[in-house]
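Data first, discussion second: the structure below is written as structure tokens.
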Amino acid sequence: MQTGNSSSKKVYDNKDPKLEFISISIDENKNAWQKAMNEEKMDWKQLIINEKNPDYEKVQMRFRLNGAIPYTVLIDNNFKIIRSSVGFSSEKDLLDLMRNN
């Protein structure tokens with residue numbers, strides 16, 4: 001089980017309703033990915049895409065996916081990237097990211 005998502009879960013559970021969380025997995029094993037989503041109770045939108053998917057390159061370019069796991073991106077309503085970070089973020093880091101933008 002992944003343990004770094006606990007910060008995301010805490011922030012999501014207490015976030016402003018106007019904010020949206022979306023996770024994009026690049027996992028090739030869909031069953032393992034679904035199992036992790038169930039175990040971690042990540043209630044926000046979940047997408048999975050990998051290099052075998054014909055739309056992978058478009059998604060990769062749009063969100064600047066770089067293969068790093070996890071990769072956090074803050075985007076505006078026009079899908080413009082405001083900030084991004086690599087690695088697990090603490091609850092404080094996520095809250096600061098949302099407050100400062």
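For first residues located in segment 81-93 and on the phi < 0 side of the Ramachandran plot and in contact (Cβ under 8 Å) with a residue 12 or more places away in the chain, partners that are assigned to a loop (DSSP other than H, G, I, E, B) and small (G, A, S) and lie 6+ apart or on another chain with Cβ distances below 6 Å form the pairs V86/A68; F88/G4. Among the residues of segment 59-85, those that are farther than 15 Å from S23 by Cβ and β-branched (V, I, T) comprise I81, I82. When V86 is tested against the conditions (1) touching a Phe, Trp or Tyr at 6+ places or on another chain (Cβ under 6 Å); (2) of a type outside the set (S, T, N, Q); (3) at pLDDT 80 or above, the lone failure is (3). For segment 11-45, the set of residues classified as free of Cβ contacts under 8 Å to residues at least 24 places away in the same chain, assigned to a loop (DSSP other than H, G, I, E, B) and either surrounded by 12 or more Cβ atoms within 10 Å (Cβ to Cβ) or small (G, A, S) (or both) consists of D27, N29, listed by residue number.
Restricting the first member to segment 64-78 and to residues that are at negative phi and in contact (Cβ under 8 Å) with a residue 60 or more places away in the chain, and the second to residues that are part of a strand (DSSP E or B) and surrounded by 12 or more Cβ atoms within 10 Å (Cβ to Cβ), the beta-carbon pairs closer than 8 Å and six or more apart or on different chains are P70/V86.
Taking segment 46-64 as the region of interest, how many residues are more than 11 Å from I26 (Cα to Cα) and part of a loop (DSSP other than H, G, I, E, B)? The qualifying residues number 3. Which of the residues spanning segment 1-53 are touching a Ser or Thr at 6+ places or on another chain (Cβ under 6 Å) and not hydrophobic (A, V, I, L, M, F, W, C)? Within segment 1-53, S7, Q46 meet the criteria. In a residue-by-residue description of segment 43-57, the property of being farther than 19 Å from K15 by Cβ and touching a Lys or Arg at 6+ places or on another chain (Cβ under 7 Å) applies to at least one position.
The values are calculated or read from the model by the stated rules, or taken from the named source; none is laboratory data. Quantities reported herein were computed from a predicted structural model and do not represent experimental measurements. No Cβ is skipped: glycine too gets one built from the backbone with ideal geometry, and neighbour counts run over all protein chains shown.
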